[in-house]
Amino acid sequence: MRWQGILVAATLVLAACGSDSKNNQPAAQAAAKPADSDNPGFFDRLFSSDKTKLSCPTVTRVNPATRLTRFVPNGRDLTDVAFEAHIGGISGTCEAAEHAIKVAMSAQFIAIRGPADQTRKAPFSYFVAIADNDDNVLARQNFDTVIPFRGTQTRNGVEEDIDQLIPIKKGQQGSDFHIYIGFNLTPEEIAYNQAHPQ
């Protein structure tokens, strides 16, 4: 996948806004790999497209970017963990627009406070990318959010609403596109996830 150095297409709109979610929202049981053939038509399985006769894009969490372990500076021991986070449930709808497919998607992010946290916050960045069936990345955008730990909370989450407008050509369907989502990780954080698979 060519995730790095992608320019956002001028005709494609990505927007996100966050809202607080409940503390006990369940996480996804397993994260799908990019272009996982066992995960086709994510939205099609959840939402009927009968009204518009329009298929929806597949949504996939990108391994190993489905979870994040953030250490305090110069820390690498478990006692140095500021917070851990993972991508939880994803839901959404799609509908036809003029020469485009309009996708409204919500993604849950859950964080657990670590023993070294002093800020009572879990700030992180995540990306949403859109690719065609050949995995050519058409657009990618980064979003920043923060999960607060209020009072005695050691676990909390936010729900991010992400709206996308995907231009289509004559004969194209939503199933001709894939939406990828994951944390923006440093090389060290990727290596940590690879060394500690779940």
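No lab work stands behind these numbers, since they all come straight from the coordinates. The structure presented is a predicted model; accordingly, all values stated were derived computationally and were not measured. Every residue, glycine among them, receives a Cβ derived from its backbone with ideal geometry; neighbour counts consider all protein chains shown.
A few notes on this one:
- Neighbour-limited loop hits for GluC sites (Glu not before Pro), region 81-154 (at most 13 other Cβ within 10 Å; DSSP other than H, G, I, E, B): 98
- Shape summary of region 51-198, radius of gyration then Dmax from alpha carbon positions: 17.6, 56 Å.
- In sequence order, region 134-139 has phi-based couplings of 8, 6, 7, 6, 8, 7 Hz under the Karplus curve 6.51 cos²θ - 1.76 cosθ + 1.60, θ = phi - 60°, and Gly or Pro positions carry x.
- Sites residue 144 and residue 78, calculated FRET efficiency, Cβ-Cβ separation with R0 41 Å, nearest 0.05: 0.95
- Trypsin sites (Lys or Arg not before Pro) restricted to DSSP loop in region 81-123 with at most 16 other C-beta within 10 Å: 120
- Contour minus Cα-Cα distance for residue 135 and residue 163 (0.36 nm per residue): 8.0 nm
- Based on every Cα atom in region 130-176, Rg and the maximum pairwise Cα distance Dmax equal 17.3, 54 Å.
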